[in-house]
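Q: I'd like to ask you about the structure that follows.
The values are calculated or read from the model by the stated rules, or taken from the named source; none is laboratory data. Quantities reported herein were computed from a predicted structural model and do not represent experimental measurements. All Cβ positions, glycine included, derive from the backbone under ideal geometry; neighbour counts span all protein chains shown. We work out accessible area using only protein heavy atoms, side chains counted, and drop any ligands, DNA or RNA first. Shrake-Rupley method; radii C 1.70, N 1.55, O 1.52, S 1.80 Å.
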Amino acid sequence: MAEIQIRNVAKCFGSYQALHDINLTIADQEFMVLLGASGCGKSTLLRIIAGLETQTTGEVWIGGRRIDHLPPKDRGIAMVFQNYAVFPHLTVFENIGFGLRMQKMRNDEVTRRVTRTAELMHIEQLLTRYSGELSGGQRQRVAVARALAMEPDVILMDEPLSNLDALLRLEMRAELKGVLAESNTTAIYVTHDQVEAMSLADRISVMHQGRIVQAASPVEVYRDPAERFVAGFIGNPPMNFLPARNTGAGRWAVANQVFDGPDVPATALEFAIRPEDVRPADEGLEARVRLVEPLGAHLLLTCDVGGAMFRAILDSDMTVRAGDELKLAAMPDRIRWFDPDTSLSIA
Amino acid sequence: MSDTAVLLPDQGQTRKTGRWLYAASVTLLCAWVIVPLYFLLINTLSAPETVNSFPKSFVPEFDLGSLTFFAGFQGMLTALKNSIVVAFLTMVMSILIGAPAGYALSRFEFRGKEAFRLLILLTRAFPLPLLALPLAVMFIRTGLDDTAFGLALVHTTLAIPFAVLITFSLFSGIPVELEEAAWTLGCTRLTAFTKVVLPLILPGITASAIFAFVISWNEVFAAAVLTIENRTLTAFLLQTLGEAPLHLKFAGGFILVVPALIFIFAVRKYLFAMWGIANR
Ligand SMILES: Nc1ncnc2c1ncn2[C@@H]1O[C@H](COP(=O)(O)OP(=O)(O)OP(=O)(O)O)[C@@H](O)[C@H]1O
Ligand SMILES: [Mg+2]
């Protein structure tokens with residue numbers, strides 16, 4: 001059992017507060033992805049869990065044990081670094097077996113574990129090489145194998161695929177998911193790549209300026225963003241926002257249309273809809289097309305709706321040209337509303 | 001087309017002149033260093049009579065007479081031994097003190113770090129003659145005068161700036177992630193250092209140790225002031241400079257220069273690394 005609990009963790013670097021009151025529980029064997037823009041504090045949080053950084057306040061618990069005062073080696077974690085950190089003076093075999101040797105494991109047991117992990121990562125033919133003789137992808141595999149060989153309760157990964165080329169990333173991503181699903185480890189995976197996050201995660205924690213703004217399943221993060229930031233961060237392109245004016249009794253005026261919305265006393269809200277959740281129709285938001293980008297299966301339109309930028313993804317069999325006027329109907333169950341003051345979603 | 005045709009020979013001419021100048025200055029610089037060394041070599045490897053006669057020969061005779069005389073000269077071998085002992089002590093102490101300082105500089109953030117780095121270099125700007133008298137007095141009081149250890153202490157202070165700067169640049173070249181990875185794999189700070197950092201850094205440490213050795217080996221001022229009976233080779237040669245015959249001076253110079261040259265040549269890569277850092 002290795003449930004991870006992060007309780008009220010905050011971190012200051014001098015006068016700069018990198019993390020604000022983080023609370024997060026990661027279930028045993030869950031694959032949690034920390035997603036956020038560069039500089040939002042993902043690595044800092046991961047390094048606090050690993051014990052490579054000390055939190056300013058708060059506690060970290062793993063498997064019902066408070067571990068935030070322990071050195072990294074006593075926390076039952078293994079970590080995969082962005083630049084792999086494969087030891088250059090050791091062979092691949094000794095790299096993978098490094099942690100096992102530190103545990104004073106018997107020689108034949110080390111050999112057995114190393115061979116098995118190497119087979120799992122498809123690097124069994126590289127065991128006698130040094131890291132200088134490996135490609136980036138191979139080094140990556142060694143780094144993951146070295147962590148897995150420890151059979152840790154928790155595996156922490158800080159953008160492990162970010163130095164690989166696009167194709168290799170795709171391949172490694174699928175492999176990593178398979179390998180980790182087999183093992184019984186709890187995983188925390190840091191990335192700023194939302195596609196990677198979506199495809200790997202059981203749950204995604206979206207971070208923004210040192211806070212976790214939403215921790216939910218990939219579908220929920222995508223469909224029901226808890227904050228305007230999440231809606232504007234996730235999705236490619238992200239959600240469209242239009243100002244909405246209260247016309248009473250839960251009816252809201254958006255551009256040329258009136259929608260049913262939440263029955264709240266506010267005078268203004270933000271109306272949000274994903275680009276793929278609109279359809280051309282006889283009745284709908286009046287849009288003037290500015291730009292048409294064919295994406296193969298789809299057309300990405302950049303339009304002007306009531307003076308605001310609005311993107312729509314339509315089927316590529318439509319014939320649309322820049323300058324055309326369209327009416328776009330929003331799918332009612334996909335419309336989301338945000339409070340412009342708090343940025344929070346309103347159900 | 002015609003333009004280029006006219007220009008080409010001219011350009012070729014300037015390039016040729018440039019190359020000539022380059023070759024000439026390289027030759028001159030090499031000669032500057034090598035010619036004295038060559039004279040040292042032929043005179044060392046010639047019989048004492050040839051060395052003292054005139055005109056000079058330009059080829060060595062491969063006669064070991066001068067060297068034998070050197071070895072037989074009263075006190076010379078003791079001085080050589082003293083030199084080695086002092087240089088060895090200097091080497092050990094400057095690494096034991098310098099390497100941890102270099103590690104701290106590369107791995108920890110602390111107030112006044114930049115100032116500290118500058119200060120280390122500035123110790124080299126402090127003139128040793130100014131220190132020599134008070135040092136001699138203090139050494140006599142503490143009983144350190146005329147001992148190999150006492151002299152090694154002074155040489156260590158001379159060698160430490162280089163030891164710190166070289167090891168600093170070496171440690172900085174080793175990614176922190178390697179150490180961090182070792183920590184997560186079951187190492188303490190100490191075992192991570194011995195199992196990961198040390199193997200990677202050993203060649204560089206050796207280089208800076210050798211450099212410390214050479215600094216002590218070549219140092220003459222402190223050696224001359226602080227020792228009387230237990231003179232090092234440099235101090236001993238300086239002392240006998242007036243009365244010694246020419247062939248002894250040549251042999252002594254040769255014995256002094258050769259190890260220093262070989263060592264510096266062996267560690268040149270690391271000296272460049274240090275200068276790269278010091279110039280920043
Ligand atoms: N040692 C440090 N000293 C001072 N500030 C730091 C330190 N480490 C991180 N920070 C700051 O804390 C913030 C969060 O850094 P962190 O490395 O956690 O970001 P990140 O989300 O991992 O970004 P990236 O995706 O670029 O890796 C940044 O603004 C960074 O400048
Ligand atoms: Mg990071």
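Q: Out of the residues in region A:1-19 that are more than 16 Å from ligand 2 (Cβ to nearest atom) and without any contact (Cβ under 8 Å) to a residue 12 or more places away in the chain, state the one that is least open to solvent (accessible area, probe 1.4 Å).
A: Here is the first cut: in region A:1-19, the residues more than 16 Å from ligand 2 (Cβ to nearest atom) are A:1-10, A:12, A:14-15, A:17.
Still in the list and also without any contact (Cβ under 8 Å) to a residue 12 or more places away in the chain: A:14-15.
Numbers: A:G14: 73, A:S15: 125 Å².
In this case the residue turns out to be A:G14.
Q: Out of everything in region A:180-198 that is away from ligand 2 (no atom under 16 Å from the Cβ) and in contact with a helix residue (DSSP H, G or I) (Cβ under 6 Å, 6 or more places away or on another chain), what residue ends up being nearest to the other protein chains (Cβ to nearest Cβ)? Can you show your working first?
A: Taking region A:180-198 first, the residues away from ligand 2 (no atom under 16 Å from the Cβ) are A:180-187, A:195, A:198.
Next, from what is left, pick out any that are in contact with a helix residue (DSSP H, G or I) (Cβ under 6 Å, 6 or more places away or on another chain): A:187, A:198.
Values: A:A187: 14, A:M198: 27 Å.
Ranking the candidates gives A:A187 first.
Q: Report, by residue number, each residue of region B:115-172 that is over 18 Å from the mean Cα position of the chain (by Cα) and closer than 15 Å to B:A87 by Cβ.
A: B:T147, B:A148, B:F149, B:G150, listed by residue number.
Q: I would also like to ask the following. Do we have any residue at all in region A:53-61 that's among the hydrophobic types (A, V, I, L, M, F, W, C) and more than 10 Å from ligand 1 (Cβ to nearest atom)? Can you show your working first?
A: Our first condition is that a residue be among the hydrophobic types (A, V, I, L, M, F, W, C); within region A:53-61, this holds for A:60-61.
Of the ones still in play, those that are also more than 10 Å from ligand 1 (Cβ to nearest atom) are A:60-61.
Yes, that holds for at least one residue.
Q: When you look at B:V154, is it surrounded by 22 or more Cβ atoms within 10 Å (Cβ to Cβ), of a type outside the set (S, T, N, Q) and assigned to a helix (DSSP H, G or I), yes or no?
A: Considered against the rule, which asks whether it is surrounded by 22 or more Cβ atoms within 10 Å (Cβ to Cβ), of a type outside the set (S, T, N, Q) and assigned to a helix (DSSP H, G or I), B:V154 comes out as yes.
Q: Counting just the residues of region A:71-125 that are within 16 Å of ligand 1 (Cβ to nearest atom) and of a type in the set (A, V, I, L, M), which one comes out farthest from A:Q138 (Cα to Cα)?
A: From region A:71-125, those within 16 Å of ligand 1 (Cβ to nearest atom) are A:79-85; that's our starting set.
The next check asks that each one be of a type in the set (A, V, I, L, M); those that pass are A:79-80, A:85.
Values: A:M79: 17, A:V80: 14, A:A85: 12 Å.
Going through the qualifying residues, I end up with A:M79.
Q: Quick one: in region A:25-49, of everything that is among the charged types (D, E, K, R) and assigned to a loop (DSSP other than H, G, I, E, B), which residue is nearest to ligand 1 (Cβ to nearest atom)?
A: Among those residues, the one meeting the criterion is A:E30.
Q: Does region A:108-122 contain at least one residue that is in contact (Cβ under 8 Å) with a residue 12 or more places away in the chain, part of a loop (DSSP other than H, G, I, E, B) and buried (at least 23 other Cβ atoms within 10 Å of the Cβ)?
A: There is at least one residue in region A:108-122 that is in contact (Cβ under 8 Å) with a residue 12 or more places away in the chain, part of a loop (DSSP other than H, G, I, E, B) and buried (at least 23 other Cβ atoms within 10 Å of the Cβ).
Q: Follow-up question, since we're still on this one. I'd like to check something: does region A:40-63 contain any residue that is away from ligand 2 (no atom under 16 Å from the Cβ), surrounded by fewer than 22 Cβ atoms within 10 Å (Cβ to Cβ) and either under 27 Å from A:G97 (Cα atoms) or touching a residue at least 60 places away in the same chain (Cβ under 8 Å) (or both)?
A: Scanning region A:40-63 turns up at least one residue that is away from ligand 2 (no atom under 16 Å from the Cβ), surrounded by fewer than 22 Cβ atoms within 10 Å (Cβ to Cβ) and either under 27 Å from A:G97 (Cα atoms) or touching a residue at least 60 places away in the same chain (Cβ under 8 Å) (or both).
Q: Same structure, new question: Let me confirm something: among A:E182, A:E196, which residue is of a type in the set (D, E) and more than 12 Å from the chain's Cα centre (by Cα)? Steps first, answer last, please.
A: Values: A:E196 fails: more than 12 Å from the chain's Cα centre (by Cα).
After ruling out the rest, the residue left standing is A:E182.
Q: Exactly one condition in (1) under 18 Å from A:M102 (Cα atoms); (2) away from every other protein chain (no Cβ under 11 Å); (3) not in a loop (DSSP other than H, G, I, E, B) is false for A:L70; which is it?
A: So the condition that A:L70 fails would be (3).
Q: Residues to consider are B:I120, B:I160, B:I140; find the one that is crowded, with 16+ Cβ neighbours inside 10 Å, without any contact (Cβ under 8 Å) to a residue 60 or more places away in the chain, part of a helix (DSSP H, G or I) and away from every other protein chain (no Cβ under 14 Å).
A: Details: B:I160 fails: without any contact (Cβ under 8 Å) to a residue 60 or more places away in the chain; B:I140 fails: crowded, with 16+ Cβ neighbours inside 10 Å.
Exactly one of B:I120, B:I160, B:I140 is crowded, with 16+ Cβ neighbours inside 10 Å, without any contact (Cβ under 8 Å) to a residue 60 or more places away in the chain, part of a helix (DSSP H, G or I) and away from every other protein chain (no Cβ under 14 Å), namely B:I120.
Q: Quick check on this structure: which one of A:E151, A:E159, A:E124, A:E119 is modelled with pLDDT of 90 or more and within 16 Å of ligand 2 (Cβ to nearest atom)? Give the steps one after another, and end with the answer.
A: Details: A:E151 fails: within 16 Å of ligand 2 (Cβ to nearest atom); A:E124 fails: within 16 Å of ligand 2 (Cβ to nearest atom); A:E119 fails: within 16 Å of ligand 2 (Cβ to nearest atom).
Result of the check over A:E151, A:E159, A:E124, A:E119: A:E159.
Q: Sticking with this structure for a sec: Quick check on my filter: what residues within region A:314-337 are over 13 Å from A:E286 (Cα atoms), assigned to a strand (DSSP E or B) and open to solvent by 30 Å² or more (accessible area, probe 1.4 Å)? It would help to see each step written out before you state the result.
A: Filtering region A:314-337 down to residues over 13 Å from A:E286 (Cα atoms) leaves A:314-322, A:331-337.
From what's left, assigned to a strand (DSSP E or B): A:314-315, A:336-337.
Within region A:314-337, A:D315, A:R336 meet the criteria.
Q: Which one of the conditions (1) over 17 Å from the mean Cα position of the chain (by Cα); (2) more than 13 Å from ligand 2 (Cβ to nearest atom); (3) outside any loop (DSSP other than H, G, I, E, B); (4) crowded, with 19+ Cβ neighbours inside 10 Å does A:I22 fail to meet, given that it meets all the rest?
A: It fails just one condition, (1).
Q: Here is a further query. Report yes if A:L134 is open to solvent by less than 20 Å² (accessible area, probe 1.4 Å) and away from ligand 1 (no atom under 16 Å from the Cβ), otherwise no.
A: On the way: open to solvent by less than 20 Å² (accessible area, probe 1.4 Å): yes; away from ligand 1 (no atom under 16 Å from the Cβ): yes.
Yes: the conditions hold for A:L134.
Q: For region A:143-185, name all the residues that are touching a strand residue (DSSP E or B) at 6+ places or on another chain (Cβ under 6 Å) and of a type in the set (S, T, Y).
A: Of all residues in region A:143-185, those touching a strand residue (DSSP E or B) at 6+ places or on another chain (Cβ under 6 Å) come to A:143-144, A:147, A:150, A:152, A:154-160, A:180, A:185.
Scanning region A:143-185 gives a single hit, A:T185.
To keep it simple, each residue is scored yes or no on (1) crowded, with 23+ Cβ neighbours inside 10 Å; (2) within 9 Å of chain B (Cβ to nearest Cβ); (3) among the hydroxyl-bearing types (S, T, Y).
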residue	(1), (2), (3)
A:P88	no, yes, no
A:G97	yes, no, no
A:Q125	no, no, no
A:V144	yes, no, no
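Q: Next question, about the same structure. Mind checking which residues of region B:228-242 are closer than 12 Å to B:A148 by Cβ and over 21 Å from the mean Cα position of the chain (by Cα)?
A: B:E229, B:N230
Q: Regarding A:F93, is this residue touching a residue at least 12 places away in the same chain (Cβ under 8 Å) and not acidic (D, E)? Reasoning before the result, please.
A: On the way: touching a residue at least 12 places away in the same chain (Cβ under 8 Å): yes; not acidic (D, E): yes.
Yes; evaluated as a whole, the condition is true for this residue.
Q: Pull up region B:40-65, narrow it to residues that are assigned to a helix (DSSP H, G or I) and without any contact (Cβ under 8 Å) to a residue 60 or more places away in the chain, then point me to the one that is most open to solvent (accessible area, probe 1.4 Å).
A: Narrowing region B:40-65 to residues assigned to a helix (DSSP H, G or I): B:40-44, B:48-52, B:65.
Remaining after also requiring without any contact (Cβ under 8 Å) to a residue 60 or more places away in the chain: B:42, B:49-50.
Details: B:I42: 4, B:E49: 129, B:T50: 39 Å².
Once the filter is applied, the top-ranked residue is B:E49.
Q: Here is a further query. Select the helices (runs of 4 or more DSSP H) contained entirely in region B:164-236, then report the ones holding at least 1 residues which are surrounded by fewer than 20 Cβ atoms within 10 Å (Cβ to Cβ) and within 14 Å of chain A (Cβ to nearest Cβ). Step through it out loud before you land on a result.
A: Details: elements: B:176-184, B:189-192, B:198-218, B:221-226.
The helices (runs of 4 or more DSSP H) meeting that bar are B:176-184, B:189-192, B:198-218.
Q: Continuing with the same structure: Pairs only if they're at least six apart or on different chains, beta carbon under 8 angstrom, first in region B:262-278 and closer than 19 Å to B:L118 by Cβ, second at pLDDT 75 or above and not in a helix (DSSP H, G or I); list them, first residue then second.
A: B:A273/B:G173
Q: With the requirement that a residue be free of Cβ contacts under 8 Å to residues at least 40 places away in the same chain and open to solvent by 40 Å² or more (accessible area, probe 1.4 Å), what does region A:249-266 give you?
A: Correct list: A:A249, A:R251, A:V258, A:D263, A:P265.
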